[in-house]
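Note sheet for the following structure.
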Amino acid sequence: MKAKSVLALSQRLSGNALLALAFFLSVFENSPVKGQSCGSGGLAVQVLGSGGPELQDKRASTSYLIWDHGTARVIVDAGGGSALRFGESGAQISQLNVVLFSHFHIDHSGDFPALIFSSWFEDRKRPLPVYGPAGNDFMPSTTEFVRDLFSEPHGAWRYLSELVEAGAQGSYTLEPHDVVAGSKPVLVYRDSGMALYAVRVIHGGFPALAWRVEMEGKRIVFSGDTNGEGDGLAQLALDADLFVAHNAVPEGATGVERRLHMPPSVIGMIAANAHVKQVILSHRMLRTLGKESATEAEIRRRFQGPIAFANDLDCFPVR
Ligand SMILES: [Zn+2]
């Protein structure tokens, strides 16, 4: 409500009515955005985007944030709409230790430039590592992807080329890395606070990774988009405290849908084989929305632990 209209209204109100209005306005203005305190007490995963590529699902596309005691440390994917959710989460790019990509479909990477441009207005000095898959004929590698966005002379947003020039003044740098992962999980990065593992997953012909982030003795695993073929994902997800799986197709899916994505029975099988502690279902699409009870029942036939369907900005503590 604009100040002017509040003033006009207050001239017509008095006593208790005015007090009530003041209370309402203060509550309204101070209402935290859903999940804004995510991770304040420890480790947590916040879902920035719970949808797929369809805008009609009314969800941001894929993106997840890992919070550690109130600081956003890791972002996994940055699909369309997720940059807005990032802002709503209260996170800042300057807090991030690393950016991880599962693959470069637009619903996983489309808002990356928006996130990066926002960081221009923060005070970040240290480099920002970006890890994602190597490329093939269908997709750029992670280093190509970053270069295609920001490098001189052909990058789409080359006005930010400082980001990819070593020694540039006044900017931090992006440090992209191509992760060559096979069918067995590999250690990609480790420091005193975090270890990152990846495994190649099958998502049609598109180079794609599933990620495991280890922090504070906990394991958080992101399936990314995959049809669930092979046992690499189950190995990566072994004993995971949180397993974020993509619910992009219903049971019985066939053809291209099935070649790209895993149905609920496969999610349940992987979760059971890996003995994960909790399953979060995300990447919800029009073809799976509304089928939650059937999806859950199908997973339950194989996996008996907790299952949750994600919505944008949901915060899942990792205990
Ligand atoms: Zn996707």
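So which of V188, V199, V213 ends up being more than 16 Å from the ligand (Cβ to nearest atom), part of a strand (DSSP E or B) and more than 26 Å from S94 (Cβ to Cβ)? Give the derivation first.
Numbers: V188 fails: more than 26 Å from S94 (Cβ to Cβ); V213 fails: more than 26 Å from S94 (Cβ to Cβ).
Checking each option against the conditions leaves just V199.
Cβ-Cβ distance below 6 Å, separation of 6 or more or different chains: which pairs start in the range 231-255 with a residue that is more than 17 Å from A308 (Cα to Cα) and end on one that is charged (D, E, K, R) and away from the ligand (no atom under 16 Å from the Cβ)?
So the pair list comes out as L236/R212; E251/E298.
With (1) more than 16 Å from the ligand (Cβ to nearest atom); (2) crowded, with 21+ Cβ neighbours inside 10 Å as the list, and N311 as the residue in question, which single condition is left unmet?
Exception for N311: condition (2).
Given the conditions (1) surrounded by 15 or more Cβ atoms within 10 Å (Cβ to Cβ); (2) touching a residue at least 40 places away in the same chain (Cβ under 8 Å); (3) in contact with a strand residue (DSSP E or B) (Cβ under 8 Å, 6 or more places away or on another chain), and given that R219 satisfies all but one, which numbered condition is not satisfied?
Status for R219: all satisfied but (2).
Need at least 1 residues that are under 22 Å from V45 (Cα atoms) and in contact (Cβ under 8 Å) with a residue 12 or more places away in the chain per element, so show me which helices (runs of 4 or more DSSP H) inside the range 82-151 make the cut, counting only ones lying wholly within it. First the steps, then the outcome.
Details: elements: 82-89, 106-109, 112-119, 142-150.
Output list reads 82-89, 106-109, 112-119.
Hey, among the residues in the range 42-83 that are within 14 Å of the ligand (Cβ to nearest atom) and of a type in the set (S, T, Y), which one's nearest to L115 (Cα to Cα)?
Of everything passing the filter in the range 42-83, S82 is nearest to L115 (Cα to Cα).
Tell me which residues, restricted to the range 40-81, are closer than 18 Å to H261 by Cα and surrounded by fewer than 23 Cβ atoms within 10 Å (Cβ to Cβ).
First, the residues of the range 40-81 that are closer than 18 Å to H261 by Cα: 49-54, 57, 61-63, 77, 79.
Within the range 40-81, P53, E54, D57 meet the criteria.
Just the residues that are surrounded by fewer than 17 Cβ atoms within 10 Å (Cβ to Cβ) and either closer than 20 Å to S61 by Cβ or within 15 Å of the ligand (Cβ to nearest atom) (or both), please, taken from the range 241-287.
Scanning the range 241-287 gives V256, E257, R258, R259, L286.
Counting only residues that are in contact with a His (Cβ under 9 Å, 6 or more places away or on another chain), hydrophobic (A, V, I, L, M, F, W, C) and either more than 18 Å from Q235 (Cβ to Cβ) or at pLDDT below 95 (or both), how many does the range 259-284 have?
Within the range 259-284, residues that are in contact with a His (Cβ under 9 Å, 6 or more places away or on another chain), hydrophobic (A, V, I, L, M, F, W, C) and either more than 18 Å from Q235 (Cβ to Cβ) or at pLDDT below 95 (or both) number 2.
Specify the residue that is farthest from the ligand (Cβ to nearest atom); the eligible residues are those in the range 84-121 that are surrounded by fewer than 21 Cβ atoms within 10 Å (Cβ to Cβ) and among the aromatic types (F, W, Y).
Only one residue tops the list, namely F121.
Among the residues in the range 210-233, are any at pLDDT 95 or above, more than 20 Å from the chain's Cα centre (by Cα) and of a type in the set (D, E)?
Taking the range 210-233 and keeping what is at pLDDT 95 or above, we get 210-233.
Right, trim to more than 20 Å from the chain's Cα centre (by Cα) and you get 217, 229-232.
When the remaining residues are screened for being of a type in the set (D, E), the result is 229, 231.
Scanning the range 210-233 turns up at least one residue that is at pLDDT 95 or above, more than 20 Å from the chain's Cα centre (by Cα) and of a type in the set (D, E).
The values are calculated or read from the model by the stated rules, or taken from the named source; none is laboratory data. Remember, predicted model here, so these are calculated numbers, not experimental data. With ideal geometry, Cβ positions are generated from the backbone for all residues, glycine too; neighbour counts draw on all protein chains shown.
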